[in-house]
Each structure stands twice: as C-alpha cells, then as structure tokens.
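The values are calculated or read from the model by the stated rules, or taken from the named source; none is laboratory data. Not measured: the values here are computed from a predicted model. Positions of Cβ are generated from backbone atoms using ideal geometry, with glycine treated the same way; all protein chains shown enter the neighbour counts.
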C-alpha cells in the first residue's frame, strides 16, 4: 500500500489519498511557520487530502492551510471542513464559539471558512458534532449543506463525529456521501464494525477515519498517563493496548503502523487522517502506512482475542 493511493468518496467522483492530514495540531502544537511547512511538505510528498474545522484553534487551523494550498493547483487536493460551531469572531458573540445548527448559522460558518481558507468552494463539508442537536441538524443543518452541494459549492457532504450510532441514523435518513468517524474504528475498538461500516459499504457511503491513534495512546509509550479519548486512558484500555504492543514487538511491527494499516483495511474506509505537528510526523505517518507487516501478525492478534474476529485486515 502507498500513502498516495487514491480511493473514491461515495458516488461523487472525488478521489482522496488514503493517507490524509488532520488539522487539529496545526493550530495547537505547531507555530504558524511550522504548520505551513508541514502542509507544504505533505503536498510535496503526494498527500492530497486535508481536513480542518473552524473549531480547530478557533479558525487558526483553516488560516494555516490557506498559504500552502494557495500554491497548489486546485485539482491537486481535496479539502474538508465543518459547520455547526460558530466562532465569536464571525458573529460577535460573548463566548469563543457556540453550537449553531440553524440554516443561517451553517451558511455563516461556511462563508467564514471560505474566507479563512482563501477558497471559492469546499470539497467535503461535515456537520460537526451534532450529538445534542440531532433533530435541528436534520431539520436545518443538513438541508443547508444539501443546497450547497446542489449549487456546486460543495462536492460531498456528511457528518463528523466521535460516535457511529448517530451517524448511522443520519445515513439511513439523509442523502449523504461520507462520514468522518473519529476514534471509534481503530486497532483498539471495533464497535462500528457490525452495523455502521457494513451499512456504509452497502450504500456507497465512504468513511474517513479520524483519531486512528485514539487520542494518542496508540502513538505513545503506553505509560500510565497515556491519553485515550481526550483523557487519561482507563486501566482496561491501557492493558489492551499493551497486549497489542507485546504482539507488535514479537513481530517487529510498529504500533503506529499497525494502527494506520488496520483502519485502511476496511473496504468502507476511504482515508485515515492522523494529525501532525511537524514535517517529521508527516513523513513518519507516510512510512507507517507503507511499511510491510507480516500476515501472521494480524492472525496472532485475532487468536489472542485482541481484534474482532470479523475485522478485515491488510492482505
């Protein structure tokens, strides 16, 4: 597998590289110049899918993409961003940001993202974390982004969330192209395997896998303070990760490589988008996708009960 191999997004005709770049760390763990450098390097190495959101760094992630992407031909990359969280700078509110799944809120957020990114269209637009607002999202937010798709301002639409259950509901009720699922189909947990992923595969809906390292635990030394799901990892999850790491060590396999390649083995998954805060991390993610992993490794994980027995694994 090559990190630059491309896969389709639903029936839209969009093609993304199977390894993309998540935009959270661009605004959190990198300086402006470092962020621009790593985006430019990712593009130079052939990565063609970039994800961001207004929420990431309160608009800073989108701004840090704008410079490097301005030097690329528009056909060279696919970019996704999100609506549903409106920034104070866009509306003059008293809080840094607020949820807003209204039609007007979605359209304001979209227009503000275009300005920060310096683009005239967005390739993929997600409704961002409508966990507590599903009815309003169905009634207002999704119809608004469907209209944007019909107008040609967006090519593909869906939802970006940390849960698959509500995404499955949206898939069943709405004409969507793809989903960003963060952290819920990984080397550590495969709950999305039995209902959500098969539905997407059967209905030509693509899944973009975010958080493949489960908020850091699968990219860590597995110490007691390892992060999982935006907090300190529970003991049970840490023990599970350490058991996987023991089999990795037995086969000479990097835990990071196993994490990325496992997710990409599912036929519903179009891309995986780990974040990066430096050029070194971008280059490492590419190596992790492309390094050879022996088939016996995956068999041993299943035999040890560390993977769901029906999980697709790399050939």
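Summary of computed values
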{"quantity": "Residue within the range 71-86 that is assigned to a loop (DSSP other than H, G, I, E, B), within 21 Å of the chain's Cα centre (by Cα) and over 26 Å from residue 203 (Cβ atoms) present", "calculated": "yes"}
{"quantity": "Those residues of the range 13-49 which are modelled with pLDDT of 95 or more and part of a loop (DSSP other than H, G, I, E, B), in sequence order", "calculated": "13, 14, 18, 20, 23, 45, 46, 47, 48"}
{"quantity": "Identity of the residue in the range 96-118, in contact with a helix residue (DSSP H, G or I) (Cβ under 6 Å, 6 or more places away or on another chain) and exposed (fewer than 14 other Cβ atoms within 10 Å of the Cβ), that ends up farthest from residue 161 (Cα to Cα)", "calculated": "118"}
{"quantity": "Boolean, residue 10 is in a loop (DSSP other than H, G, I, E, B) and either farther than 17 Å from residue 74 by Cα or at pLDDT below 95 (or both)", "calculated": "yes"}
{"quantity": "Matching entry among 148, 187, 176 (being farther than 30 Å from residue 304 by Cα, part of a loop (DSSP other than H, G, I, E, B), in contact (Cβ under 8 Å) with a residue 24 or more places away in the chain and in contact with a helix residue (DSSP H, G or I) (Cβ under 9 Å, 6 or more places away or on another chain))", "calculated": "176"}
{"quantity": "Looking only at the range 120-145, and only at residues there that are over 21 Å from the mean Cα position of the chain (by Cα) and part of a helix (DSSP H, G or I), the one that is surrounded by the fewest Cβ atoms within 10 Å (Cβ to Cβ)", "calculated": "135"}
{"quantity": "Qualifying positions in the range 201-221 - within 15 Å of residue 186 (Cβ to Cβ) and in a loop (DSSP other than H, G, I, E, B)", "calculated": "211, 212, 213, 220"}
{"quantity": "Only one of 286, 244 that is in a helix (DSSP H, G or I), touching a helix residue (DSSP H, G or I) at 6+ places or on another chain (Cβ under 8 Å) and in contact (Cβ under 8 Å) with a residue 60 or more places away in the chain", "calculated": "244"}
{"quantity": "Matching residues in the range 70-95 - criterion: being surrounded by 17 or more Cβ atoms within 10 Å (Cβ to Cβ) and in contact with a strand residue (DSSP E or B) (Cβ under 7 Å, 6 or more places away or on another chain)", "calculated": "77, 78, 79, 80, 81, 82, 83, 84, 85, 86, 87"}
{"quantity": "Within the range 195-233, tally of residues that are under 20 Å from residue 8 (Cα atoms) and either touching a residue at least 60 places away in the same chain (Cβ under 8 Å) or surrounded by fewer than 22 Cβ atoms within 10 Å (Cβ to Cβ) (or both)", "calculated": "15"}
